[in-house]
Amino acid sequence: MKKCPYCAEEIQEEAIKCKYCQSSLVKQAENKTTALPKGLQLFLIGLAVALVGYYFSSISGGGILDMLGGGLAMAGDLVVVYACYLGVKYLWQKVTNKK
Ligand SMILES: [Zn+2]
């Protein structure tokens, strides 16, 4: 249960509209769901950067390109790990919010 921000009556957690004052609560629900697509975007970007990095270091047999590719792959990996952390955090928030 949560409180309606408009009339302070107790309403269901999943409610998108208050049954007492008919106020729309969709905006709050949207804020919650935008966390995952953001993390997902970050995950895909990180994956793409890492793949490009791995590709560069695999086609160049050493030298500056290899170093550049290795650095790029490492940076991409970090972004992917961070995105995973965001995803886990989001899921954890969802689990702990539900009663
Ligand atoms: Zn209300």
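The values are calculated or read from the model by the stated rules, or taken from the named source; none is laboratory data. On a predicted model such as this, the values are computed, not experimentally measured, just so you know. No Cβ is skipped: glycine too gets one built from the backbone with ideal geometry, and neighbour counts run over all protein chains shown.
Some observations on this one:
- Residue 70 loosely packed, with under 14 Cβ neighbours inside 10 Å, among the small types (Gly, Ala, Ser) and either away from the ligand (no atom under 16 Å from the Cβ) or modelled with pLDDT of 85 or more (or both): no
- Positions within the range 18-27 being more than 21 Å from residue 94 (Cβ to Cβ) and more than 7 Å from the ligand (Cβ to nearest atom), in sequence order: 19, 22, 24
- Of the residues contained in the range 30-37, one or more are found to be modelled with pLDDT of 70 or more and either aromatic (Phe, Trp, Tyr) or closer than 18 Å to residue 84 by Cβ (or both).
- Flag if residue 11 is surrounded by 12 or more Cβ atoms within 10 Å (Cβ to Cβ), modelled with pLDDT of 85 or more, β-branched (Val, Ile, Thr) and out of contact with any helix residue (DSSP H, G or I) (no Cβ under 9 Å at 6 or more places or on another chain): yes
- First in the range 43-72 and under 26 Å from residue 84 (Cβ atoms), second anywhere and of a type in the set (S, T, N, Q), Cβ under 7 Å, 6 or more apart: 69/57; 69/60; 70/57
- Flag: residue 52 matches the condition of being at pLDDT 85 or above and touching a helix residue (DSSP H, G or I) at 6+ places or on another chain (Cβ under 9 Å).
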